1. Can you go through GLU98, GLU52 and tell me which one is of a type outside the set (A, V, I, L, M), over 14 Å from ILE164 (Cα atoms) and out of contact with any Lys or Arg (no Cβ under 8 Å at 6 or more places or on another chain)?
2. In segment 279-327, how many residues are in contact with a Lys or Arg (Cβ under 6 Å, 6 or more places away or on another chain) and farther than 20 Å from ARG223 by Cα?
3. Before we move on, is GLU308 of a type outside the set (A, V, I, L, M), open to solvent by less than 20 Å² (accessible area, probe 1.4 Å), farther than 24 Å from LEU29 by Cβ and within 16 Å of the ligand (Cβ to nearest atom)?
4. Quick one: count up the residues across segment 223-245 that are part of a loop (DSSP other than H, G, I, E, B) and under 20 Å from ASN28 (Cα atoms).
5. Residue under question is SER93, and the condition is that it be within 17 Å of the chain's Cα centre (by Cα) and surrounded by fewer than 21 Cβ atoms within 10 Å (Cβ to Cβ); does it hold?
6. Among (1) at pLDDT below 90; (2) under 26 Å from the mean Cα position of the chain (by Cα); (3) open to solvent by less than 50 Å² (accessible area, probe 1.4 Å), which single condition is GLY285 missing?
7. Criterion first (surrounded by fewer than 24 Cβ atoms within 10 Å (Cβ to Cβ) and under 27 Å from TYR37 (Cα atoms)) does ARG231 satisfy it?
8. Looking at PRO149, PRO176, can you tell me which residue is in contact (Cβ under 8 Å) with a residue 40 or more places away in the chain and exposed (fewer than 14 other Cβ atoms within 10 Å of the Cβ)?
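The values are calculated or read from the model by the stated rules, or taken from the named source; none is laboratory data. Values in this document were obtained by computation on a predicted structure and should not be read as measured data. When we count neighbours, we look across all protein chains shown, and the Cβ atoms used for this are built from the backbone with ideal geometry, even at glycine. Surface areas here come from the heavy atoms of the whole protein model, side chains and all, with no ligands, DNA or RNA. Shrake-Rupley method; radii C 1.70, N 1.55, O 1.52, S 1.80 Å.
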Amino acid sequence: MAIKRNTKETKLMSATTSAGSDEVLDFNLRPNKLDDYVGQEEVKLNLKYLIESARLRKEHLDHILLHGAPGLGKTTLANIIGAEVGVSVKVTSGPALEKQGDIASIITNLREGDILFIDEIHRLKPALEEILYSAMEDYAIDLVIGKGPAAKTMRLKLPKFTLIGATTKVSMLSSPLRDRFGAVYKLQFYSIEEIGKIITRSANILNFDLESEAAAMIAKSARQTPRIANRLLKRARDYALVHGKNNIDKVVATKCLQMLGIDEIGMDESDRQILISIIEKFRGGPVGLNSIAAIVSEDAETIEDVYEPYLLQLGMMERTARGRIATDLAYSHLGFNKTKNA
Ligand code: ADP
């Protein structure tokens, strides 16, 4: 089977990449109360206790680490926690912080109890990570002033803040950093019913009619991920508008998903390319991530962060110490005969 590249149209409407105006819409679709945050019941229950206990003790919240695949709602949850506690949330990300002074100036500008949200915290430079240790534990930072033998260390007192870290790769966090989080929550993929609820709420906000059959189809194709579900909804709305319709029905949903190259279990062209290359070029694996990346002309990190978690979740791929393997399910879903192609 030949490896097919994405068509231009598919790329334009891609569900896994973002476009400018979509980001504004994403912001509007973000729930800002814990009760509007669909699913993740265990995490929500634990958070309620954490928040209530801090309120009763009249203390700031413990530091929280949220981990899980992209688009599962880590940033949304951090903002909701801020709103529930009634404090400001300052948002930054690991790669955006370059110098020790960057962290020092952000934290010193926080008020007592405020939240610092660091997205992609696993991408923080080691020197900055070390600064966080004392900031999180002692609410102080030791800054080095000057250079050489005349250099002096100055201890800077910080307000008692809460750090919420988010990561897609918890294993890349050093254990001293991980251990300083009082609460660590893993966000799970959502059920189809939960995704259905999320897009029904989003369709209301977008003021667009979403028929129940269409909602079920979009929910099934959304990789169990709210961000992708909302994006598919918006693409379906675009499709309906361009065809002079003011609602998303089964026909619109079918045509739109077809145009995006998304199948009935939410796999897109890139997912298929990854599995097909493992089957065709590497006899089903095991094969290393970099070899797959080279064949499908995709960045290894994107494969690992964006595509692989869902393929693993679907049971189409397995990760072993020797590399990635296409499962029997992948062979049958893509129409390959395992005995012939192995
Ligand atoms: P992450 O930070 O994990 O990448 P985000 O918090 O940015 O994910 O979530 C992406 C989008 O998905 C948000 O704009 C929000 O609209 C939606 N979303 C995420 N989780 C939920 C949820 N539990 N309930 C409703 N909408 C959600």
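1. Being of a type outside the set (A, V, I, L, M), over 14 Å from ILE164 (Cα atoms) and out of contact with any Lys or Arg (no Cβ under 8 Å at 6 or more places or on another chain) holds for just one of GLU98, GLU52, which is GLU52.
2. Final tally of qualifying residues: 4.
3. Yes: the conditions hold for GLU308.
4. So the answer is 1.
5. Values: within 17 Å of the chain's Cα centre (by Cα): yes; surrounded by fewer than 21 Cβ atoms within 10 Å (Cβ to Cβ): yes.
Spelling it out, SER93 is indeed within 17 Å of the chain's Cα centre (by Cα) and surrounded by fewer than 21 Cβ atoms within 10 Å (Cβ to Cβ).
6. Failing condition for GLY285: (2).
7. Working: surrounded by fewer than 24 Cβ atoms within 10 Å (Cβ to Cβ): no; under 27 Å from TYR37 (Cα atoms): yes.
In short, no.
8. Only one candidate passes the filter, namely PRO176.
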